[in-house]
C-alpha cells in the first residue's frame with residue numbers, strides 16, 4: 001500500500017510541478033520518505049516532518065495517504081516579487097513537524113445526482129476534493145422513490 005501511495009504522490013508532483021521523482025526503496029538524500037508504521041493507537045494517525053534532510057511521512061496506510069494530502073496542501077511554487085512563477089519545476093516546502101489523526105471516524109460528503117446529471121469528470125474531481133480535505137466517506141445519492149435517474153442513449157441495438 002505504501003508503494004501505491006508513493007506512485008500517487010509522484011503522479012501529483014508530475015501533474016502539478018512537472019517533477020518526476022524516482023520511486024525507490026533505498027535511502028536517498030533530500031528525498032520524500034513514506035514509512036509504514038502499524039503500531040499506532042489511532043487509525044489514520046500520521047507524522048509529517050520536513051527539514052533540510054528531506055520530507056518524512058510515517059503512519060499506517062490511511063495515515064500515509066492523509067500525510068500526502070497535508071504535504072500537497074503545504075507545497076507552494078516559488079514566486080518572484082511580482083507574483084509570477086519563477087519556474088515550472090521545483091517547489092518549496094516549509095520546515096514543519098505535524099502530528100495528526102482524524103478526530104471523527106466518519107467524515108464524508110454527499111452528492112445527489114437524482115435530479116441532476118453530472119459528468120464523469122465532475123464526479124472524479126469531486127472525489128479528489130474529498131480526498132484533498134481528508135474526508136473518507138463519499139455518499140452518492142443515486143435513486144429516489146420514483147426510480148433511478150440514469151441516462152440511456154439507445155435501448156435498442
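The values are calculated or read from the model by the stated rules, or taken from the named source; none is laboratory data. Keep in mind that this is a model prediction, so the values were computed, not measured. Every residue, glycine as well, gets a Cβ built from its backbone with ideal geometry; the counts of neighbours run over all protein chains shown.
General observations
- Hits in segment 98-118 - residues which are over 30 Å from residue 47 (Cα atoms) and touching a helix residue (DSSP H, G or I) at 6+ places or on another chain (Cβ under 9 Å): 111, 113, 118
- Scanning segment 9-55 for residues that are loosely packed, with under 14 Cβ neighbours inside 10 Å and part of a helix (DSSP H, G or I) yields 11, 14, 15, 16.
- Options 53, 29, 47: the member that is at pLDDT below 85 and within 19 Å of residue 95 (Cβ to Cβ): 29
- Cross-chain or 6+ apart pairs with Cβ under 9 Å, segment 139-156 first and assigned by TED's automatic domain parsing to the domain that holds residue 115 and surrounded by 11 or more Cβ atoms within 10 Å (Cβ to Cβ), then part of a loop (DSSP other than H, G, I, E, B) and modelled with pLDDT under 70: 142/149; 142/150; 143/149
- Residues that are within 25 Å of residue 45 (Cβ to Cβ) and out of contact with any helix residue (DSSP H, G or I) (no Cβ under 9 Å at 6 or more places or on another chain), drawn from segment 119-148: 127, 128, 129, 130, 139
- Within segment 75-98, the set of residues being at pLDDT 90 or above and within 17 Å of the chain's Cα centre (by Cα) comprises just one member, 98.
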